[in-house]
Amino acid sequence: MRFSDVHFSYGRKRVLRGVDWELGRGISGLLGPNGSGKTTLISLAVGALPGRGGITVGDAGTSGPNGGASPSLGYVPQSFSLVPGMSVLQTAAYAAWVNGVPRRECEDAARRALGLVDLAGRAGERVRALSGGQRQRLGIAAALAHEPRVLVLDEPTVGLDPAQRLRVREVIADLGQDRTVLLATHLVEDIAYLCRRVGVLVAGRIVFDGTVEELTGLFEDEAPEDGRALGSAFERGYERLVRRWGAGE
Ligand SMILES: Nc1ncnc2c1ncn2[C@@H]1O[C@H](COP(=O)(O)OP(=O)(O)OP(=O)(O)O)[C@@H](O)[C@H]1O
């Protein structure tokens with residue numbers, strides 16, 4: 001997946017100012033302070049907003065500026081609703097159908113996707129019976145049912161308790177083995193646990209693109225500015241990067 005010189009403004013407010021970022025196979029994290037434009041960038045990638053610049057998803061298609069999502073992309077928004085009275089299988093099968101899977105293949109596609117998120121054993125249950133973490137995994141299954149090669153996840157572990165968060169992380173780690181996954185999050189622990197590479201969005205541009213280790217080592221030689229060693233080295237590296245580039249203005 002590739003972003004080339006992507007710009008976006010809400011009215012006169014410029015949010016993205018020429019985003020260049022290329023994501024390879026595996027899980028790439030998108031970090032950035034509140035209001036830096038992560039959700040806007042994702043909305044462009046999934047075709048929900050029209051912008052200026054190029055976004056290429058896999059070899060099979062583009063999304064974004066021309067509107068409409070690429071069929072090779074699956075998207076789990078930060079918040080989504082499920083129909084409580086539908087079964088787990090019906091939910092995933094419906095998502096497959098909405099994403100263009102022929103009707104007679106939707107059930108098989110749904111079962112395959114539920115297997116990927118470890119919900120195959122719950123296929124017959126109603127959505128209302130699922131925990132928060134299971135619902136999140138069902139949302140991921142729904143996004144996977146048409147077998148996209150690129151998966152975009154916006155804050156997938158927010159609001160989950162530690163055990164459920166870990167379970168969702170394990171599922172994401174598995175999915176990243178043979179797909180391109182873009183993971184937008186505030187949680188540096190999610191990035192440190194899951195991501196091969198990380199992009200940091202500040203003031204409308206990707207100001208860092210590298211490995212977690214590279215970001216951790218970026219300011220290693222500098223003494224902590226407040227005299228204390230707060231948080232992990234990775235977290236400190238990220239916070240300094242954001243401060244240096246100015247937070248979202
Ligand atoms: N529909 C909108 N109209 C006007 N301004 C908007 C709109 N949506 C977002 N913004 C502004 O655009 C900027 C980027 O917002 P966006 O939601 O993309 O950031 P974010 O990095 O995802 O933030 P967060 O981490 O808080 O979710 C913010 O200043 C926000 O207030």
Test: residue in the stretch 48-59 that is at pLDDT 90 or above and surrounded by 22 or more Cβ atoms within 10 Å (Cβ to Cβ) | no
Output the number of residues of the stretch 26-44 satisfying the condition of being more than 9 Å from the ligand (Cβ to nearest atom) and modelled with pLDDT under 90.
-> 0
Answer with yes or no whether LEU230 is at pLDDT below 85, surrounded by fewer than 19 Cβ atoms within 10 Å (Cβ to Cβ) and not in a loop (DSSP other than H, G, I, E, B).
-> no
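In the stretch 61-88, how many residues are over 25 Å from LEU16 (Cα atoms) and either modelled with pLDDT under 90 or in a loop (DSSP other than H, G, I, E, B) (or both)? Write out each step before concluding.
Here is the first cut: in the stretch 61-88, the ones over 25 Å from LEU16 (Cα atoms) are 81-88.
Now restrict to residues that are either modelled with pLDDT under 90 or in a loop (DSSP other than H, G, I, E, B) (or both): 81-86.
Counting residues in the stretch 61-88 that are over 25 Å from LEU16 (Cα atoms) and either modelled with pLDDT under 90 or in a loop (DSSP other than H, G, I, E, B) (or both) gives 6.
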List every residue pair whose Cβ atoms lie under 8 Å apart, where the two residues are 6 or more positions apart in sequence or sit on different chains, the first residue falls within the stretch 3-18 and is outside any strand (DSSP E or B), and the second residue, located anywhere, is more than 12 Å from the ligand (Cβ to nearest atom).
-> none
Looking only at the stretch 98-148, which residues are within 17 Å of the chain's Cα centre (by Cα) and part of a strand (DSSP E or B)?
-> none
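The values are calculated or read from the model by the stated rules, or taken from the named source; none is laboratory data. Model, not experiment: these values are computed from the prediction. FYI the Cβ positions are ideal-geometry reconstructions off the backbone, even for glycines, and counts take in every protein chain you see.
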